[in-house]
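Undergrad: Before we start, here is the structure in question, set down as structure tokens.
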Amino acid sequence: MSGGIAVVVGASGALGGAIAQRLRGEGLTVVAVARTAGPGICAADIGSDSAVDDIAAAVAELDGPVRMVVQAAGLPAAGPLETIAPDALGHAVALKCGGMLRLVRAVDGRLERGSRIVALGGHYGIEPAPYACAAGVTNAALANLVRQLAISYGPRGITAHLVAPGPAETPRLRGLSERAAEQRGVPVEQVLAERAAESPLGRLVTPGEVAWAVATLLAPEADALHGSTLGLDMGARRGVF
């Protein structure tokens, strides 16, 4: 599937940026969305309803169908279960799930048969961890929303997918690890090594690998993955399904 438009929310982050770059390499015109304006950036706050009009206006300037939308906005650090503010859970779900709906509604009229709706979640939605409370709750909700999108958009030949990486090798993870290391009184490299040790491969997933998985969904054969979750956790999860 070459040509057409891709809209990537969270394009200023490590994962969103890698996805945008990969999709450009696949021949798509990318509308890169982030909260802060910059060169080649559509400024829109996906946590606000105003994002629907902002993204729609950016897409309206381009010709062709929207082949893929990607919700890759990152979550703010919210603390572990023991200390997280209860309201932070609602804020996180509103950002990721509400943002997903805003993104889809902004381009609904430009989606066509074979278009892909993609949400970037995480493996903590599948297997909770108290140190990642907000991520676990939010990504579980996001998985449910993707299934609902699959039911609603499937009859139009438009597929919905959840891509769920494990801990990724990004500046954000390092920042979170630095705070955890300070609280525990250990070196940050120890915390990062613990995250990597969750995988039998002993390493973290990279932004490039996440971008590859998203781009793979452009293939017509990806219809078979409609409504499913692609786990990119380096084998860290132990469940059979």
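The values are calculated or read from the model by the stated rules, or taken from the named source; none is laboratory data. Because the structure is predicted, anything quoted here is derived from the model rather than measured. Ideal geometry is used to build each Cβ from the backbone, glycine not excepted, and the neighbour counts take in all protein chains shown. When the accessible area is computed, the model is the full protein with side chains, heavy atoms only, and any ligands, DNA or RNA have been set aside. Shrake-Rupley method; radii C 1.70, N 1.55, O 1.52, S 1.80 Å.
Undergrad: If you take the residues in the stretch 78-119 that are of a type in the set (A, V, I, L, M, F, W, C) and touching a residue at least 60 places away in the same chain (Cβ under 8 Å), which one is nearest to residue 214 (Cα to Cα)? Break it down stepwise before answering.
TA: Step one: filter the stretch 78-119 for residues of a type in the set (A, V, I, L, M, F, W, C), giving 78, 81, 84-85, 88-89, 92-95, 97, 100-101, 103-104, 106-107, 111, 117-119.
Filter again for touching a residue at least 60 places away in the same chain (Cβ under 8 Å), leaving 103, 106-107, 118.
Details: 103: 17, 106: 20, 107: 19, 118: 8 Å.
Among them, the one singled out is 118.
Undergrad: Can I ask one more? Here's a check for you: in the stretch 128-147, which residue that is open to solvent by less than 30 Å² (accessible area, probe 1.4 Å) and among the aliphatic types (A, V, I, L, M) is farthest from residue 215 (Cα to Cα)?
TA: Residues of the stretch 128-147 open to solvent by less than 30 Å² (accessible area, probe 1.4 Å): 129, 132-136, 138-139, 142, 145-146.
Within this subset, residues satisfying the condition of being among the aliphatic types (A, V, I, L, M) are 129, 132, 134-135, 142, 145-146.
Working: 129: 29, 132: 27, 134: 27, 135: 24, 142: 20, 145: 21, 146: 18 Å.
Filtering the stretch 128-147 for residues that are open to solvent by less than 30 Å² (accessible area, probe 1.4 Å) and among the aliphatic types (A, V, I, L, M), the one farthest from residue 215 (Cα to Cα) comes out as 129.
Undergrad: Of all the residues that make up the stretch 88-124, how many are open to solvent by 20 Å² or more (accessible area, probe 1.4 Å), out of contact with any strand residue (DSSP E or B) (no Cβ under 6 Å at 6 or more places or on another chain), among the basic types (Lys, Arg) and part of a helix (DSSP H, G or I)?
TA: 2
Undergrad: Restricting attention to the stretch 207-231, which residues are free of Cβ contacts under 8 Å to residues at least 40 places away in the same chain and of a type in the set (Val, Ile, Thr)?
TA: Within the stretch 207-231, 216 is the sole residue that qualifies.
Undergrad: Taking the conditions exactly as written (in contact (Cβ under 8 Å) with a residue 60 or more places away in the chain, touching a helix residue (DSSP H, G or I) at 6+ places or on another chain (Cβ under 9 Å) and farther than 21 Å from residue 217 by Cα), does residue 162 satisfy them or not? Steps first, answer last, please.
TA: Values: in contact (Cβ under 8 Å) with a residue 60 or more places away in the chain: yes; touching a helix residue (DSSP H, G or I) at 6+ places or on another chain (Cβ under 9 Å): yes; farther than 21 Å from residue 217 by Cα: no.
For residue 162, the condition - in contact (Cβ under 8 Å) with a residue 60 or more places away in the chain, touching a helix residue (DSSP H, G or I) at 6+ places or on another chain (Cβ under 9 Å) and farther than 21 Å from residue 217 by Cα - is not met.
Undergrad: Looking at the stretch 74-84, can you tell me whether even one residue there is within 17 Å of residue 119 (Cβ to Cβ) and in contact with a Lys or Arg (Cβ under 9 Å, 6 or more places away or on another chain)? I'd like the intermediate steps shown before the answer.
TA: Taking the stretch 74-84 as the starting set, the residues that turn out to be within 17 Å of residue 119 (Cβ to Cβ) are 74-75.
So of that shortlist, the ones also in contact with a Lys or Arg (Cβ under 9 Å, 6 or more places away or on another chain) come out as 74-75.
Yes, there is a match, as at least one residue in the stretch 74-84 is within 17 Å of residue 119 (Cβ to Cβ) and in contact with a Lys or Arg (Cβ under 9 Å, 6 or more places away or on another chain).
Undergrad: Output the number of residues of the stretch 191-234 satisfying the condition of being within 19 Å of the chain's Cα centre (by Cα) and on the phi > 0 side of the Ramachandran plot.
TA: Qualifying residue count for the region: 2.
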